[in-house]
């Protein structure tokens, strides 16, 4: 999950899923994000038995320079390995905040080592990204991830992406 807009976009994405099929659902929320936990409980109010909430470290704070974010991302990566191992996700749906990068890398690494089955990873770029991908999207272009965009011009600039229309 992420601050503000990313959280709202994720809830819009999840509002169309069959909650009987996709359960339990695990939400990863940054330790610095108090707002998303409250919104999550409102969103999942009828299905609280089917959800798990994991508080994770942020890989990059708003305004943090790229050099120091290397170290916070490495720290976040090592802290999510036990989480990914315990959950063994089948599907990972992400929508942009940098908190997802360590989870994706940990999932792919554990799958590469045959510790877990490789999950299906779907990244939905924010509706706000009209001309370029976010930093998260650009990083994920180098990984085996399905990257869905909501603006057709992004597929011309980033061939690995798929245009799926406006979802949120």
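A compact table of results
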quantity: Matching residues in region 71-103 - criterion: being out of contact with any helix residue (DSSP H, G or I) (no Cβ under 7 Å at 6 or more places or on another chain) and touching a residue at least 40 places away in the same chain (Cβ under 8 Å); calculated: 83, 87, 91, 99
quantity: Test: residue in region 139-160 that is modelled with pLDDT under 95, part of a loop (DSSP other than H, G, I, E, B), closer than 25 Å to residue 73 by Cα and within 16 Å of the chain's Cα centre (by Cα); calculated: no
quantity: Complete set of residues in region 55-76 that are at pLDDT 90 or above and assigned to a helix (DSSP H, G or I); calculated: 67, 68, 69, 70, 71, 72, 73, 74, 75, 76
quantity: Unique residue being over 21 Å from residue 119 (Cβ atoms), in contact with a helix residue (DSSP H, G or I) (Cβ under 7 Å, 6 or more places away or on another chain) and in contact (Cβ under 8 Å) with a residue 24 or more places away in the chain when the list is 60, 19; calculated: 60
quantity: Inter-residue pairs, beta-carbon under 7 Å, first more than 13 Å from residue 94 (Cα to Cα) and in region 116-132, second loosely packed, with under 13 Cβ neighbours inside 10 Å, 6+ apart; calculated: 127/166
quantity: Conditions (1) out of contact with any helix residue (DSSP H, G or I) (no Cβ under 6 Å at 6 or more places or on another chain); (2) surrounded by fewer than 21 Cβ atoms within 10 Å (Cβ to Cβ); (3) touching a residue at least 12 places away in the same chain (Cβ under 8 Å); number of the one not met by residue 156; calculated: (3)
quantity: Evaluation of residue 28 against (1) touching a strand residue (DSSP E or B) at 6+ places or on another chain (Cβ under 9 Å); (2) outside any strand (DSSP E or B); (3) buried (at least 19 other Cβ atoms within 10 Å of the Cβ) (one fails), failing number; calculated: (2)
quantity: Matching residues in region 36-54 - criterion: being more than 21 Å from residue 88 (Cα to Cα), in a loop (DSSP other than H, G, I, E, B) and either in contact (Cβ under 8 Å) with a residue 24 or more places away in the chain or out of contact with any strand residue (DSSP E or B) (no Cβ under 7 Å at 6 or more places or on another chain) (or both); calculated: 45, 46
quantity: Residue selected from region 82-100 under the condition at pLDDT 95 or above and assigned to a helix (DSSP H, G or I), by the criterion surrounded by the most Cβ atoms within 10 Å (Cβ to Cβ); calculated: 84
quantity: The one condition in (1) part of a helix (DSSP H, G or I); (2) closer than 13 Å to residue 26 by Cβ; (3) touching a strand residue (DSSP E or B) at 6+ places or on another chain (Cβ under 9 Å) that residue 79 fails to fulfil; calculated: (2)
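The values are calculated or read from the model by the stated rules, or taken from the named source; none is laboratory data. Everything quoted here is computed from the prediction, not taken from an experiment. When we count neighbours, we look across all protein chains shown, and the Cβ atoms used for this are built from the backbone with ideal geometry, even at glycine.
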